[in-house]
Each structure stands twice: as C-alpha cells, then as structure tokens.
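Student: Right, I'll just put the structure down here and ask away after.
The values are calculated or read from the model by the stated rules, or taken from the named source; none is laboratory data. Everything numeric here is computed off the predicted structure, so don't read it as measured data. Note that each Cβ is placed from the backbone with ideal geometry, even for glycine, and that neighbours are counted across all protein chains shown.
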Amino acid sequence: MKNCIRKFLLNLFVVFILLCCFEGISAQCPMCKMNVQAAQKRGEKVGLGLNSGILFLLSMPYLVVGAIGLVWYLQNKKKKQKEVLA
C-alpha cells in the first residue's frame, strides 16, 4: 500500500516538474494569444502570466480526479483484503 502511494506521489511530482519546465507550451486560443501579444507590443503587462495560469487551471481537475481515484482504489483494496482474510 505504501509502495502504491509512493509511486502515485512520484508520478504526480514528475508531472508537476514537467509542467513547470515546459512553461513555453501554448495553452491559449489563437485570439487570446494575439491580444496578449498586441498588448505586450504596446508595453502593457496585462498578459504576462496568462499561459502559466491556464496551464495551472488545466492541471487542477486532473489532480483532483487522480486523488479521488487513488482513495477509491485504496479503499477497494482494503475491502478485498478483509474479504480474503475472513
């Protein structure tokens, strides 16, 4: 059980590091990207963190669903072990 949790946390950490390393990944629609680039050319700082924010918001549902899935898996595993021992 501890080994499963360690693997999950390690995979989660690796995914987080990869998302941080590939900050240049474009997660914007073309219209948003065009508006941000035009604003930056005018000297405005309005869209500097837009791409990182979109990637962060995109990763949160996956992390929540993964955590719920892990808890569900571990609960089912405990239940099956109790049935085998009984």
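Student: So Lys33 fits all but one of (1) of a type outside the set (Gly, Ala, Ser); (2) closer than 23 Å to Phe8 by Cβ; (3) surrounded by 12 or more Cβ atoms within 10 Å (Cβ to Cβ); what number is the exception?
Tutor: Every condition holds for Lys33 apart from (2).
Student: Report every pair of residues separated by at least 6 positions or lying on different chains whose Cβ atoms are under 9 Å apart, first residue within segment 50-70 and touching a residue at least 12 places away in the same chain (Cβ under 8 Å), second outside any helix (DSSP H, G or I) and loosely packed, with under 12 Cβ neighbours inside 10 Å.
Tutor: Asn51/Glu23; Asn51/Gly24; Asn51/Ser26; Ser52/Glu23; Leu55/Phe22; Leu55/Glu23
Student: Quick one: is Val71 under 11 Å from the mean Cα position of the chain (by Cα), modelled with pLDDT of 75 or more and loosely packed, with under 12 Cβ neighbours inside 10 Å?
Tutor: Details: under 11 Å from the mean Cα position of the chain (by Cα): no; modelled with pLDDT of 75 or more: yes; loosely packed, with under 12 Cβ neighbours inside 10 Å: yes.
Judged against the criteria, Val71 is not a match.
Student: Out of the residues in segment 44-68 meeting the condition of being modelled with pLDDT under 85 and over 18 Å from Cys20 (Cβ atoms), tell me which one is surrounded by the fewest Cβ atoms within 10 Å (Cβ to Cβ).
Tutor: Lys45
Student: With the structure loaded, tell me whether Val14 is β-branched (Val, Ile, Thr), within 14 Å of the chain's Cα centre (by Cα) and at pLDDT 75 or above or whether it fails that test.
Tutor: Numbers: β-branched (Val, Ile, Thr): yes; within 14 Å of the chain's Cα centre (by Cα): yes; at pLDDT 75 or above: yes.
In short, yes.
Student: Hey, another quick one. Can you list residue pairs whose Cβ atoms sit under 8 Å apart, with the first residue in segment 71-86 being on the phi < 0 side of the Ramachandran plot and the second being of a type in the set (Val, Ile, Thr) and surrounded by 10 or more Cβ atoms within 10 Å (Cβ to Cβ)? Count only pairs 6 or more apart in sequence or on different chains.
Tutor: Leu74/Ile5
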